[in-house]
Every structure is written in structure tokens, then in C-alpha cells.
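Asks: Quick one: the structure is below, questions incoming.
A short reminder: the numbers here are calculations on the coordinates, not readings from a lab. Everything numeric here is computed off the predicted structure, so don't read it as measured data. Cβ: placed from backbone, ideal geometry, glycine included. Neighbour counts: every protein chain shown.
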Amino acid sequence: MARRIPPLNPLYTFEAAARHVSFTRAAHELHVTQGAISRQVRTLEKYLGVDLFERHHRSVRLTRAGKRFHDDLRTGFEQIEAATGRLMADRSRKTLIVRAYGTFATRWLIPRLAVFHEANPTVLVDITASMQPVNFEREDVDVAVHFGVAAERPDLHKSLLLPVTIIPVCSPELPTSRRPLRDPSDLQYYTLLHTLARPEDWPNWLRANGIVADWATQGYRFESSSMAYEAAIKKIGVAVAVTALVHSDLKEGRLFTPFPTALSTPYAYWLVYPPAKASNPAVVVFRNWVVEEARRFNKALSALGPA
């Protein structure tokens, strides 16, 4: 259904004339003649079938209908003006859409974004989260964080962010004197916390420590690693975690590792984007920043160890 709106040019002219209560001042504002203002207002009055101004020899005055109409219009014009101002203020900014895994985003990327924005105030970053591999041809995404091995996604530009090592973590208050965690085999007496996306992490870590047992797959399962880590903090059980994503929890004492033997995996977090995005200035700025952040983090992590 078509909108019932008067001709916009007479409407715009009337708003200026009503705001100034003067055809002369409205003419100065709009850079037209006073006669042009009068004709446009007449056109609007004819369209509406209502007199909007009382005309006197050297002045005009809004009629009651004209004042009410202008009061209603003013809000709309102010909203249009504000929306235009926001759009014009943002037109010099570049918006970058980043897809990341939820745990990576909340535990590693988001805590560092303030640094990026301070250094790059004209690049706006929108972050979306998904556990599914990105399809750049079908989705409105500029860059993504991919979890996988080096040989995957050969069709994309790829930069290494975080190599993945895994390590057991739990609350410092979880182990008890009756069931201390002195040896990896003692884990059979505790609830193991698993991530559905990586169900082999516990069996792989235990196997690397000489244990192959049915209980390696038992325990609670969570859709995301972030949920498993939170359950570990809340003393529900022992999680096997990506060292880089729980490092701050280990340093600040929310978690500790009863067995500081990290298992290296062939997996890593990679920044990926299609060749068509390679020359996008926002992509270049973000890639350079995040790769350098990851390089510094990995260097510090290697120097400090897992805990």
C-alpha cells in the first residue's frame, strides 16, 4: 500500500517557514526567493485542503492546524537529520565482518579488541560466532578464524594464529585429600568434561600419558569448550583445555593443571579469507594486527609455560 505523503519539496519548504514563522528567513535558509516559498506553501495547503498560515501585510502566523501539523512534522525531520548525521559520520569508516568460534572469540579475540580499535578507529569490527566452517561465497563474512590442520582450506589465504596444545585443568579446590591427583590414572575417580566438537581430546591426552581406558570417554559433554571450562571453574570436574584459551585462568588462579604435560596437536587456529578480500584495506589492517598479537602471545606463552 502506497504511503500517503504530501509532495516532499512543499513539505520541506513549509517546515522551514513554520520553524522561522517567516517566509523571508525561510527563503534565506533555502536560497530561494520569498515568492518561491509562498508558492510551495500554497501547493501544500491546496494538497491538504487546509490553511497553514494566516497572511498579513508584512508577516505570517501559523494557523492552529498549521502549528499542530508543524509540531508533528518536527519530530520526523529531527529523526531524518539525526539518521543523516550518523550515516555521514560513518561513511569514512570501514566495517569488517569477522567469523570466529565462540570460545576463541570470548577468551582470546574480544579481550584484545580495545587495543585494535584504539589503533584503528576507522575500522569497525562486527564479530559473529559459529562452529561451522565459513562459506565465503554464501555468507557476508570478510575474514574468519578456522580450526584445523595446515593442509585444509587451500583455496583461502591463511595465517597462523594459535597452535593448539591441550592440557587438563580444574578448579584448585576440586582435588580432595581422599582422591588426590598424583597420577593421570587418578582422573578415573573424577568427572571428565568433554567438548562435543573435539570428543577425542581426553582419549588422546590420556593415551599420550600411557592410559587407554573405557572411562576416558565418560563424563559430561558440552557443545562448546567455553562451557566445559566454566564447568571446570565451578568445580564440576576436570576439563582438557586448549592451553592458549585458559592461560589467563591459570595465571589468575581460577584454574590449575594437576598434570602440566601439554599435548601438542596437529591443529591450530588460522585466520582465513578468500583471495578476493586480500586487497581490502580493512582486511589487511586486521590481518596484520591479529597476526602480530598472536605472535607476541605465543612468544609469551612459550616463555611462561602452561601455568
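Asks: Could you give the semi-axes, largest first, of the ellipsoid that matches segment 245-307, computed as the square roots of 5 times the alpha carbon gyration tensor eigenvalues and rounded to whole Å?
Replies: Semi-axes (√(5λ), whole Å): 31, 13, 10.
Asks: Please give the Cα centre distance for segment 224-269 versus segment 133-149, rounded to the nearest Å.
Replies: Going from one Cα centre to the other spans 26 Å.
Asks: Can you give the charge dipole size of the chain about its Cα centre, rounded to the nearest 20 debye, using +1 on the beta carbon of Lys and Arg and -1 on the beta carbon of Asp and Glu?
Replies: The dipole of the chain has a size of about 1140 debye.
Asks: Still on this structure, please answer the following. Could you tell me the relative contact order of the chain? Use alpha-carbon pairs under 8 Å, at least six residues apart, and round to a whole percent.
Replies: Normalised by residue count, the contact order of the chain is 19 percent.
Asks: Another question, then. Full-extension gain between residue 50 and residue 220, please, as 0.36 nm times their residue separation minus the C-alpha to C-alpha distance.
Replies: 53.9 nm
Asks: Moving on to the next point. Expected output is a single nm value to one decimal: the length gained when fully extending between residue 288 and residue 151, i.e. 0.36 nm times separation in residues minus the C-alpha distance. What is it?
Replies: 47.1 nm
Asks: Only sites in a loop by DSSP and with at most 10 other Cβ atoms within 10 Å count here; which trypsin sites (Lys or Arg not before Pro) in segment 152-212 make the cut?
Replies: 178, 182
Asks: Quick one: of the DSSP bridges fully inside segment 165-265, what percent are antiparallel, nearest 5?
Replies: Around 60 percent of the beta bridges assigned by DSSP in segment 165-265 are antiparallel ones.
Asks: Decide, for segment 165-265, between rounded, prolate and oblate: order the square roots of the alpha carbon gyration tensor eigenvalues as a ≥ b ≥ c, take rounded if a/c falls under 1.5, and otherwise choose prolate if a/b is larger than b/c, else oblate.
Replies: Judged from the Cα gyration tensor, segment 165-265 comes out rounded (a/c under 1.5).
Asks: Around residue 22, under 11 Å between beta carbons, what's the net of Lys plus Arg minus Asp minus Glu among the other residues?
Replies: Surrounding charge for residue 22 is +3.
Asks: Take 107, 295 and order them by how many other Cβ atoms sit within 10 Å, fewest up front.
Replies: Sorted ascending by nearby Cβ count, the order is 295, 107.
Asks: Here is a follow-up. Once you list every other residue whose beta carbon is under 11 Å from the beta carbon of residue 42, what net charge do they have if Lys and Arg are +1 and Asp and Glu are -1?
Replies: Charge balance in the 11 Å sphere: +1.
Asks: Can you tell me the convex hull volume per residue for the chain, based on C-alpha atoms, in Å³ to the nearest whole number?
Replies: 218 Å³
Asks: Work through the residues other than residue 64 whose Cβ is under 12 Å from its Cβ and net out their charges, Lys, Arg +1 and Asp, Glu -1.
Replies: Once all neighbours under 12 Å are counted, the net charge is 0.
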